[in-house]
Every structure is written in structure tokens, then in C-alpha cells.
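The values are calculated or read from the model by the stated rules, or taken from the named source; none is laboratory data. Note that the coordinates shown come from a computational prediction; the quantities given were computed from them, not determined experimentally. Cβ placement follows ideal geometry from the backbone for every residue including glycine, while neighbour counts extend to all protein chains displayed. Ligands, DNA and RNA are stripped out before the accessible areas are found, and what is left, the full protein with its side chains, is counted by its heavy atoms. Shrake-Rupley method; radii C 1.70, N 1.55, O 1.52, S 1.80 Å.
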Amino acid sequence: MKKKQKFTLSNSKIILLTSLILVVGVIMLFFSIFFAPSQSPNETVLETIVEETKETQKEEIAKIESTKSDLKTSNSTEKLNTEKKTSTTTKETPKTEVPKTQEVAKAEEKPKTVTTKTTETAKSKTEDTKNTTQPAKSETQKTETTVKPTKNGKLVFVFDDAGHNMTQLKPFLSMPFPITVAILPKLAYSKEAAAALRNAGVCSILHQPMQAVNLSVDPGPGAIKPEMYSYEIEEIVKENLAEVGPVIGLNNHEGSLITASQSDIGTVLDVCKEKGIIFLDSRTNSESKARQAALERGMTILERDIFLDNIQEKSEIISMVNKGLEIADKKGYVIMIGHVWCKDLAKILSDMYPNLKAQGYNFLSLQELYNELN
């Protein structure tokens, strides 16, 4: 068998091979340098990144420059303000160097400026108040135009039962319209009430007590009783008139029994005719014969139309007044009777007065109505 020959390289061959490899490498490097593409994709990406970085740097530089310019403008504004302040301070400082005489003159001139300002302020306030009051005037004018005086009825208010005390009478001494008050005789305050009414200029009459149909009802002192003779009736009426007089007339307190008797009430009318005073029939009885007795004597008497306070509540009193107004609208006048002891009656009627007056109603005393009817 043949032995395998061992492959070996000599030194000269190794050197030759190495040099050959180097030559090939140099040739390849030459071709890569001179014959390769001008720009590789990696280089393009790098250039793009570089350009973006440059643009970003430019933007940041522009921002920095704008902030610098803003700072410059703010600094310049502050400088101007400080210069103005210094200029004002320099202008104000010479005031301390003004002579005392000029300072006194200026001090005297200053109040003038203040007064002008205060007067201007007062004028403006006055103008403001005028402006604020003008709407109120217009509203008043509206109310005046809405409430037109379309009524012309005559209203007569008579208040009975004065003489028990002065407290009840007091509100009726200062009513805002003419009234008539009837005074009971022979009571503790009869004379004092009569004097107070005369001093207040209030029309007054005698509230003559008379027996009622119900004999258990006591009409009070100085009353006319059914068993009296004519001369006794005449005597008691004249006595009562002398106590509370002078008065312009009389009306009956209770008296439903006496007014139903034509002879008894006729005797009372005889006294009225003799004294030249008015008789007002309170109409406590629908069977009253006062009208027939007056016709026999050729006399004109007056008659009550409305009782105001049979129910002593405000709503009821107002309701009765309204009924009286309806009578006045039809008949031309109305006579309404209340009582001095009725709580708040004077105030209720006083509160109603302006509206009733605005509607055109006329308020008369009993004497004034009698004079107009005769």
C-alpha cells in the first residue's frame, strides 16, 4: 500500500499567497472607493437627522431672541414709569419751597374746590331724587286718572250713645269729614260730651230715650214712657234739650213702642217744631208713625237708612257702608247710623274717606242735609 503524502507549504509559498491576498484586497478597496455609489441610504438618513436638528436649533434660537426682546420692552416700560414717577416727584418737591403766604392762599382756595364738588354732588343727588320721585308722580297721576269722580251722592253719618265716657267719644272729635253725634241725657258725661263736641265744631243732637216694644229693655234716664201724658212728654224732652243743648235736633234712642204711637211721637214733634230743630227717626220700628205725624203738622223729618254696626266686624261695617252708597246713588243721599262705642268704627270710616271722596261722594252733617232738602 502506498503511504499518503503529507501536504506542506514552504515559506516561499506562504509569502506568495499572502501577498496575493493583499493585492486582491487593495484592488477591492480601490474599486469600493472610486466606483461605489455616491451616497448610501445610511448617509441620507444621517443628513436628514442633521437638518432637523439644525431647524430645531434655529427655532430655539428664535424663541430665545423673542424672550430677550420682550424683556427689553418690559425693562424699557419700567424705565419710563420710573422716569415719570421721578418727574412727578421732582415737580411736587418745589411745593415745599413755596413761601408761606402762597401756601396760605392755596389752603384758602382748596375749600372752594371742595364746596364746588359738594354742590355738584348735591345737584346730582337732587337730580337723582327728582328722577326717583318722577315715577311716583306718574303713579299718582295714574291713580288719579283711574279714580274719577263719577258719584255725587250725599253721605250723612250719625253716631249715637255719646255721654257714657269721654274715651269712646275722643276718636269722633277729629274725624276728617263732617259728622253728627247724638248725646244721651242725664249720664255722668252728658254735659261734658256736649261741650267737647261744640268745642270741636261737631254737629250734635239729643239722643232722646224712649220705651221699646220689649218692656224689659230699659231705655235709660230721661226716657219717654207709654203711660206719660202729653205734657209730661213735652216736659221731659225740653229738660233733656236744655241739659245737652244747644243742639240742632234730636233722634230716638230705642223707642220702638213710642214711635209706633202717632199721638206720643206727635208730641215730640210739637217740641221740635217749637224749638225749630230737626227730628231724625232712627226707624227702630217698621211701624213708626213719625212720618204721618209730621205730615199732620206740615213738617219735614229725616229717616235713618242704614245701621252700620249691628255686627261689629270690619268686613260687615264696610259691607253696610257699600249698601248705603247704593242708596245714595239712587236717592241722592243716605243717612247711616253707628255708635261711638263700636271699636275701630271711626278709623274704618276715616280710612274709607279718601276713596269715597275721590269717587265724588259729598259728606254732610245732618243740619247741612236738612238745609239742602228744604
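Among the residues making up the range 253-280, those that are over 13 Å from residue 297 (Cβ atoms), open to solvent by less than 10 Å² (accessible area, probe 1.4 Å) and in a strand (DSSP E or B) are 278, 280. Would you check if residue 221 is at negative phi and in contact with an Asp or Glu (Cβ under 8 Å, 6 or more places away or on another chain)? Considered against the rule, which asks whether it is at negative phi and in contact with an Asp or Glu (Cβ under 8 Å, 6 or more places away or on another chain), residue 221 comes out as no. Among the residues of the range 332-349, are any open to solvent by less than 70 Å² (accessible area, probe 1.4 Å), assigned to a helix (DSSP H, G or I), out of contact with any helix residue (DSSP H, G or I) (no Cβ under 7 Å at 6 or more places or on another chain) and not acidic (Asp, Glu)? The answer is yes; a qualifying residue exists.
Being open to solvent by 10 Å² or more (accessible area, probe 1.4 Å) and more than 38 Å from the chain's Cα centre (by Cα) is a description that applies to residue 226. On the given criteria, is residue 246 without any contact (Cβ under 8 Å) to a residue 60 or more places away in the chain, touching a Lys or Arg at 6+ places or on another chain (Cβ under 6 Å) and of a type outside the set (Ser, Thr, Tyr)? When the stated conditions are applied, residue 246 does not pass them. Checked across the range 293-310, the condition of being more than 33 Å from the chain's Cα centre (by Cα), open to solvent by less than 30 Å² (accessible area, probe 1.4 Å) and polar (S, T, N, Q) holds for no residue. A count restricted to the range 136-185 and to residues that are open to solvent by 80 Å² or more (accessible area, probe 1.4 Å), modelled with pLDDT of 95 or more and farther than 27 Å from residue 333 by Cβ stands at 3.
If you go through the range 357-374 and keep only what is open to solvent by less than 10 Å² (accessible area, probe 1.4 Å) and assigned to a helix (DSSP H, G or I), you end up with 366, 369.
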